[in-house]
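J.: Attaching a single structure in structure tokens format; questions to follow.
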Amino acid sequence: MGLCILHVASECAPFAKVGGLGDVVHALPIATAALGHDVRVLLPRYDWIDTRDLRKHARPLGIPLGEGQGEVWCAVYEKHIRNVTYYFLEHDAFYARGYVYDPKSGFTSDNLLRFGTLCRAAFQIARSQHFMPDIFHAHDWPCALLPVMLNTTESEVFGGSASVLTIHNLAHQPRFPLWDLLNLDVPASEFRGDSLESEGAVHPLKGGLYHATKLTTVSPTYAREIRTPAGGVGLDPVLDFRGADFVGILNGIDAHEWNPETDPYLPTHFSARDLAGKAKCKRALLREVGLGEMGLSGPSGKAKNKTPLVAMVSRLNEQKGMDVMLAAMPELLKLDAQWVVLGAGDSELEQGLRNLAEQFPDQLRVHIGFDEGLAHRIEAGADVFLMPSRYEPCGLNQMYSQRYGTLPIVRATGGLVDTVTQCDLENSSDNKAGTGFLFNDLTPEALVNTVGWALEIWRKQPETWRRMQQAAMSRNFDWSVSAKEYVRVYEWALAAKRG
Ligand code: ADP
């Protein structure tokens with residue numbers, strides 16, 4: 001019999017997406033529903049989510065606050081897509097602010113109340129819908145209070161339900177005052193070192209790590225890294241303590257949305273068997289971003305593709321190694337390649353990239369902002385995709401790029417290690433040529449050397465390049481593989497809870 005699973009998250013594409021978390025909460029429910037499970041997702045009704053094609057529940061939902069403080073009243077909307085039911089929790093004072101976590105400049109102090117209310121709403125929705133989840137699946141710190149609530153105030157009614165907490169990025173660890181916890185009706189007794197307390201403040205993620213029935217993160221290598229002091233961002237002792245209940249499951253990609261044979265964002269399509277469309281995508285992309293087709297047309301008029309195009313689509317911050325990339329850029333631009341960067345993030349990095357693009361208009365184009373369509377066209381049109389991440393829980397873009405025949409150059413960390421196979425020229429004649437390029441040291445020199453190595457192969461060994469493209473494009477990153485592993489974790493969690 002299928003399981004009943006309720007995901008609770010702050011992001012879920014296409015409704016709300018800040019990063020990879022939004023992609024996972026979009027794709028995993030669809031993939032597990034396809035396996036025959038009853039899967040539902042609860043997320044806030046942010047103000048940009050149009051209610052016109054959502055069904056409003058007749059009754060508002062009352063969410064109890066701390067003792068003597070009454071209830072928060074919320075509207076609930078519902079939508080059913082690809083066998084998944086979505087619940088949207090509407091409370092304008094919390095979710096109608098034009099942002100998910102924090103405004104572009106500034107800081108929100110009531111995020112524990114905003115997302116803690118969402119966690120509490122999960123139980124109220126289950127009650128109002130007469131839906132008893134086998135699994136409450138909470139995502140990252142915003143929903144980390146859910147396992148604590150399940151084990152405390154909600155344990156009587158939901159004692160047969162298990163919780164799974166997935167860490168998408170351990171670095172996000174905000175702290176809050178004790179008062180917020182009491183406002184959410186979490187018992188003050190949980191404010192202790194082996195639960196929610198850390199240095200005198202409430203640390204929701206830490207509490208969730210102690211309380212969840214099982215813990216997962218988004219790649220096996222990241223799961224190992226965050227159990228060490230070097231990668232644990234202070235939580236390695238907790239993760240090590242919970243080590244027997246903790247696994248890494250690689251994220252998949254939505255192979256339906258990221259498919260070069262059907263992608264509606266692309267001007268033309270292609271496949272591993274026929275890459276002609278990829279060259280057209282490259283030409284169209286160069287035109288779109290306003291880069292001259294340097295070396296693309298030979299004197300005969302026949303298209304000749306002489307200059308490699310290197311791309312990045314990323315949040316612009318230190319996690320993504322963008323500071324090192326910027327420092328390396330003067331040397332990288334000497335490598336006879338063209339570059340296109342799409343991203344948004346730290347204003348200093350944005351400005352640094354803009355300045356470089358002004359200096360090198362024929363070689364570098366920088367688009368600051370978030371643009372889903374352009375991200376797809378870049379993945380399709382580029383030759384090489386760069387991800388010099390300082391750390392990377394899983395990373396999605398390196399998987400998208402492999403599927404689009406754009407070979408990734410990545411730092412050997414986290415999920416990048418688990419998803420990219422190093423170029424191996426000695427085996428290039430068979431299928432073991434690799435699918436990309438990995439480097440270890442996050443230094444401008446290592447970056448320049450590795451990009452230089454990849455471009456050399458692109459230029460001088462087109463046969464090897466094509467074999468690598470074909471190997472990359474035929475890798476199966478489909479969610480259906482990872483979804484089965486999640487179901488095994490759900491069953492494992494239930495066995496732990498119910499015996
Ligand atoms: P993270 O979640 O750490 O940002 P991931 O690689 O896991 O990194 O996921 C990033 C997701 O966000 C990918 O789907 C990527 O295409 C997308 N993305 C990042 N920046 C942009 C942008 N500026 N425009 C469009 N999509 C972006």
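The values are calculated or read from the model by the stated rules, or taken from the named source; none is laboratory data. Because the structure is predicted, anything quoted here is derived from the model rather than measured. As a convention, Cβ positions derive from the backbone with ideal geometry for all residues, glycine included, and neighbour counts pool all protein chains shown. For the accessible areas, the whole protein counts, side chains as well, though only heavy atoms, and no ligand, DNA or RNA atoms are used. Shrake-Rupley method; radii C 1.70, N 1.55, O 1.52, S 1.80 Å.
J.: Under the classification rounded if a/c is under 1.5, otherwise prolate if a/b is larger than b/c and oblate if not, where does the range 406-475 fall, given a ≥ b ≥ c as square roots of the Cα gyration tensor eigenvalues?
T.: In terms of gyration-tensor shape, oblate.
J.: Relative contact order (percent) for the chain, with alpha-carbon contacts under 8 angstrom and 6 or more residues of separation?
T.: The value is 12 percent.
J.: Just add up the charged neighbours of P64: K/R +1, D/E -1, any other residue whose Cβ is under 12 Å from the Cβ of P64. Please report the intermediate quantities before stating the final value.
T.: Values: positive: R120, R127; negative: E67, E71, E154, D185.
It works out to a net charge of -2.
J.: Next question. What percent does the relative contact order of the range 276-473 come to when contacts are Cα pairs within less than 8 Å and at least six residues apart?
T.: Relative contact order, the range 276-473: 20 percent.
J.: From the P(r) of the range 29-114, could you give the percentage of C-alpha pairs in the tail past 21 Å?
T.: Counting every Cα pair in the range 29-114, those more than 21 Å apart make up 43 percent.
J.: Then there's this: With an 8 Å cut-off on Cα pairs and a minimum separation of 6 or more residues, tell me the relative contact order of the range 1-63 in percent. If you can, show how the numbers build up before the last one.
T.: Values: 62 pairs, mean separation 22.9, N = 63.
Relative contact order, the range 1-63: 36 percent.
J.: Now, a different point. Over the range 276-473, with every protein chain in place, what whole percent of the accessible area is carbon and sulfur at 1.4 Å, could you tell me?
T.: Carbon-and-sulfur percentage of accessible area, whole number: 49.
J.: Compare the peptides 268-281, 21-34, 161-174, 56-69 by average per-residue count of other Cβ atoms within 10 angstrom and give them in order, highest first.
T.: Final packing ranking: 21-34, 161-174, 268-281, 56-69.
J.: Something else now. Tell me which aspartates and glutamates have Cα within less than 16 Å of K320's Cα, excluding those fewer than 8 residues away on the same chain?
T.: Within the straight-line limit of under 16 Å, K320 reaches these aspartates and glutamates: D346, E348, E350, E392, D441.
J.: Report, to the nearest whole %, how much of the accessible area of the range 66-179 belongs to carbon and sulfur atoms, 1.4 Å probe, protein only.
T.: Summing carbon and sulfur atoms, their accessible area is 53 percent of the total for the range 66-179.
J.: Give me the Kirkwood hydrodynamic radius of the range 276-473 in Å, from all C-alpha pairs, to one decimal place? If you can, show how the numbers build up before the last one.
T.: Values: mean 1/r = 0.0601 Å⁻¹.
Taking every pair of different Cα atoms in the range 276-473, averaging 1/r and inverting gives 16.6 Å.
J.: Mind grabbing the base-10 log of I(q)/I(0) for the chain at q = 0.05 Å⁻¹? Debye formula, identical points on the C-alpha positions, no solvent, two decimal places.
T.: Result of the Debye calculation: -0.20.
J.: Okay, next question. Near K334, which aspartates and glutamates are there with a Cα under 15 Å away, not counting those fewer than 8 places off in the same chain?
T.: Qualifying aspartates and glutamates at Cα under 15 Å: D362, E445, E456.
J.: Given +1 on the Cβ of Lys and Arg, -1 on the Cβ of Asp and Glu, and no further charges, what dipole in debye does the range 276-473 carry about its Cα centre, rounded to the nearest 20?
T.: Details: 22 positive and 24 negative charges, 192 e Å.
For the range 276-473, the charge dipole is close to 920 debye.
J.: Before I look further, what does the chain give for accessible area per residue, probe 1.4 Å, in whole square angstrom?
T.: Here the residues of the chain average 39 Å² of exposed surface.
J.: Between beta-carbons, use under 11 Å as the cut-off and find the net charge around A16, counting Lys and Arg +1, Asp and Glu -1.
T.: With Lys, Arg at +1 and Asp, Glu at -1, the neighbours total 0.
J.: Please report, ordered by residue number, every helix of the chain (full DSSP H runs) that is 15 Å or longer along its axis going by C-alpha atoms and whose mean Kyte-Doolittle hydropathy reaches -1.0. Before the final figure, lay out the partial values.
T.: Numbers: long enough: 20-33 (20 Å, 1.15); 111-128 (25 Å, 0.39); 276-289 (20 Å, -0.35); 347-359 (18 Å, -1.04); 444-460 (24 Å, 0.04); 462-473 (16 Å, -1.27); 479-498 (28 Å, -0.31).
Membrane-span-like by this criterion, though nothing is claimed about a membrane: 20-33, 111-128, 276-289, 444-460, 479-498.
J.: Placing +1 at every Lys and Arg Cβ and -1 at every Asp and Glu Cβ, with all other atoms neutral, what dipole size does the chain have around its Cα centre, in debye to the nearest 20?
T.: Using Cβ point charges on Lys, Arg, Asp and Glu, the chain gives about 1300 debye.
J.: Among S10, A382, T117, pick out the residue whose Cα is farthest towards the positive end of the charge dipole of the chain, where Lys and Arg carry +1 and Asp and Glu carry -1 on C-beta, about the Cα centre.
T.: A382
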